[in-house]
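Down below is the structure, laid out as structure tokens.
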Amino acid sequence: MQLEESIKLLKSHKEKSLFHRYINADHIQPLLKNLGAIFTVNQIGNSVNAESIFSITVGHGSKKIFMWSQMHGNESTTTKALFDVLNILKEENEFSKTMLEQCTITIIPMLNPDGARFYTRLNANEVDLNRDAQNQSQPEIKALFNVFNAFEPDFCFNLHGQRTIFSAGKSNKPAAVSFLAPAQDVETTVTTNRRRAMEVIVAMNNLLQKVIPNQVGIYDDSFNLNCVGDTFQSKNVPTILFEAGHYDNDYTREQVREYIGLALMQSLYYIASTTISGEFFKPYFDIPMNEKLCFDIIIRNVKIDNDSETKDIAIQYQEILVEGKIHFRPIIDSIRNLSEYFGHLEIDAKCALVQCENGEPLFEGYENDFVLKNNELFALNLVNN
């Protein structure tokens, strides 16, 4: 598909009832009821706290694609993007025609509804579902594997969100979107199966470079059979990890939502319209590795006391659920020379004295919306909620 047409479709079919970072089952269940006749919605299980887990199936083609979102409850950007794409599939257009004819798609839009409700990574038993692939001790993972085994997919999409700390390589560009073709053995062998996943990632990266150049990364492929992606890959099903990251001043992840939507559309269309052999996998290795080189704010050239040399202060936001809305709490992460790091926002203090709000020396772990800069209040919480 043409990039311009994909962007136009995503903007015109954006699911307006889903926005910002807090998405729980109450937000998606009305959407499931109104998807339309071409979609099949099934309850596939229940969470620890007895919340329903649903799957959506659409299409009648021979190529089977299985995807799931919010395995980690506080990673909601891909869920928003999924419903944007589902809205496109509801209507007649080139994309929906191709997809419905060539593919059958099964989606679990919210695998961890308990984590989503409390805005936590873990489920209600405080288990990371993405480390439970072998034990399968949790009801959510049992539901996921039941669908996987019954559906027998040709491709799997594992949809996640990542923190603002990641840069695309050793650059000052944040990783707005990241991918991984997980390993399927300890030796991280580049098998034919992985090559097929890599080829799809190459197709997505080629498109995304046109809209977010140098802001796509890949993750390290160290093997961990406890991870769902590694397990499915080891079962010879090409599996792709999607990670929704950070874009300039996009703390609501509404812009990245569109980039994930573009990646989903491109990957689905590529699978639908191409016989994927894995032949075109090599450019995957040109995508830069994710590096942890970013902070939300860096205040440079700061004096901690009148006699000290200047240092840099790194501030990282902690996301907190307050009355159904996500707030960003500034926490001082590091006080040192940070010349090798980048801030999404950088402020030159020009040797000003910066202290805690009460006038005491700053320290790592300090939590407050304000500091004192030359005895005047200076706001650290610069994100609009």
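Data table
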quantity	calculated
Pairs, first over 16 Å from Lys282 (Cβ atoms) in the range 191-213, second assigned to a helix (DSSP H, G or I) and of a type in the set (A, V, I, L, M, F, W, C), C-beta under 6 Å, six or more apart	Lys210/Leu3
In the range 6-45, residue farthest from Ile88 (Cα to Cα) [restricted to those that are touching a helix residue (DSSP H, G or I) at 6+ places or on another chain (Cβ under 6 Å) and of a type in the set (S, T, N, Q)]	Asn24
Selection status of Tyr247, touching a helix residue (DSSP H, G or I) at 6+ places or on another chain (Cβ under 6 Å), part of a loop (DSSP other than H, G, I, E, B) and not assigned by TED's automatic domain parsing to the domain that holds His327	yes
Subset of the range 1-40 (residues that are assigned to a strand (DSSP E or B) and crowded, with 17+ Cβ neighbours inside 10 Å)	Phe39
Verdict on Ile218 being crowded, with 22+ Cβ neighbours inside 10 Å and either touching a residue at least 12 places away in the same chain (Cβ under 8 Å) or outside the structural domain of Lys142 (by TED's automatic domain parsing) (or both)	yes
Matching entry among Pro174, Pro182 (being closer than 27 Å to Arg121 by Cα and without any contact (Cβ under 8 Å) to a residue 60 or more places away in the chain)	Pro182
Neighbours by Cβ (under 9 Å, 6+ apart or cross-chain): first from the range 276-297, over 18 Å from Gln162 (Cβ atoms); second in a loop (DSSP other than H, G, I, E, B) and hydroxyl-bearing (Ser, Thr, Tyr)	Gly278/Thr191
Candidates Ser137, Ser167 - the one that is touching a Cys at 6+ places or on another chain (Cβ under 8 Å) and either surrounded by fewer than 24 Cβ atoms within 10 Å (Cβ to Cβ) or farther than 27 Å from Ser277 by Cα (or both)	Ser167
Count of the range 149-159 residues which are touching a helix residue (DSSP H, G or I) at 6+ places or on another chain (Cβ under 7 Å) and surrounded by fewer than 22 Cβ atoms within 10 Å (Cβ to Cβ)	0
Condition met for Ile335 (more than 22 Å from the chain's Cα centre (by Cα), surrounded by 19 or more Cβ atoms within 10 Å (Cβ to Cβ) and at pLDDT 95 or above)	yes
Options Asn385, Asn381; residue that is assigned to a loop (DSSP other than H, G, I, E, B), modelled with pLDDT under 95 and surrounded by 14 or more Cβ atoms within 10 Å (Cβ to Cβ)	Asn381
So Ile304, is it buried (at least 17 other Cβ atoms within 10 Å of the Cβ), touching a strand residue (DSSP E or B) at 6+ places or on another chain (Cβ under 7 Å) and at pLDDT below 95	yes
Selected residue [surrounded by 13 or more Cβ atoms within 10 Å (Cβ to Cβ), at pLDDT 95 or above and out of contact with any Gly (no Cβ under 8 Å at 6 or more places or on another chain)] from Leu293, Leu362, Leu353	Leu293
Unique match (being surrounded by 21 or more Cβ atoms within 10 Å (Cβ to Cβ) and not acidic (Asp, Glu)) among Thr104, Thr57, Thr78	Thr78
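Conditions (1) hydrophobic (A, V, I, L, M, F, W, C); (2) closer than 17 Å to Pro182 by Cβ; (3) at pLDDT 95 or above, marked per residue:
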position	(1), (2), (3)
Asp250	no, no, yes
Val256	yes, no, yes
Leu264	yes, no, yes
Ile271	yes, no, yes
Ile287	yes, yes, yes
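The values are calculated or read from the model by the stated rules, or taken from the named source; none is laboratory data. Values in this document were obtained by computation on a predicted structure and should not be read as measured data. A quick note on method: Cβ atoms are made from the backbone with ideal geometry, for glycine too, and the neighbour counts reach across all protein chains shown.
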